[in-house]
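The values are calculated or read from the model by the stated rules, or taken from the named source; none is laboratory data. A quick note: this is a predicted structure, and the numbers were derived from the prediction, not measured. FYI the Cβ positions are ideal-geometry reconstructions off the backbone, even for glycines, and counts take in every protein chain you see.
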Amino acid sequence: MDHHFTFSIFTVEINGRPTLALQGKKHKDAERLCEHRLRTELSTITSGGTPLYDASATMNVRLATAEEAVLYRQATQSTEPSSDTTVVYLVDLDG
């Protein structure tokens, strides 16, 4: 039997604030990406003068709402397919 997974769009909330959206096969994949790559990267990116992530922040991954999924698709429709995960920020970034 050939198992095909469709990709889902997930939202990462930081301190309860929907902050970014990404696509993945499984919830566990999205969580793994956050644990291994995004935490460090997000600590160097700011919104409103504040880092998106710091040591005291909480991070939660959930399925994107319909509105968040539309924003993700609009932002990625003109990008070339890549083996890297495309991240779409749902907040305004500084600089």
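Structure summary
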read-out: Of all residues in region 74-88 being loosely packed, with under 14 Cβ neighbours inside 10 Å and of a type outside the set (Val, Ile, Thr), the one that is nearest to residue 16 (Cα to Cα); value: 74
read-out: Of all residues making up region 19-42, the number that are in contact with a Ser or Thr (Cβ under 9 Å, 6 or more places away or on another chain) and polar (S, T, N, Q); value: 2
read-out: Residues of region 38-52 satisfying the condition of being in a helix (DSSP H, G or I) and touching a residue at least 24 places away in the same chain (Cβ under 8 Å); value: 38, 42
read-out: Residues being of a type in the set (Val, Ile, Thr) and over 14 Å from residue 93 (Cα atoms) - total across region 15-50; value: 1
read-out: Residue within region 33-51 that is surrounded by fewer than 19 Cβ atoms within 10 Å (Cβ to Cβ), farther than 14 Å from residue 7 by Cα and in contact with a Lys or Arg (Cβ under 8 Å, 6 or more places away or on another chain) present; value: no
read-out: Long-range neighbours under 8 Å by Cβ, at least six apart or interchain, first residue part of a loop (DSSP other than H, G, I, E, B) within region 84-95, second surrounded by 11 or more Cβ atoms within 10 Å (Cβ to Cβ) and basic (Lys, Arg); value: 91/17
read-out: Sole exception among (1) under 16 Å from residue 16 (Cα atoms); (2) surrounded by fewer than 17 Cβ atoms within 10 Å (Cβ to Cβ) for residue 61, by number; value: (2)
read-out: Residue match in region 11-32 (condition: touching a residue at least 12 places away in the same chain (Cβ under 8 Å), in contact with a Pro (Cβ under 6 Å, 6 or more places away or on another chain) and not aromatic (Phe, Trp, Tyr)); value: yes
read-out: Answer residue from region 53-82, given it is hydrophobic (A, V, I, L, M, F, W, C), at pLDDT below 95 and part of a loop (DSSP other than H, G, I, E, B) and is farthest from the chain's Cα centre (by Cα) among those; value: 55
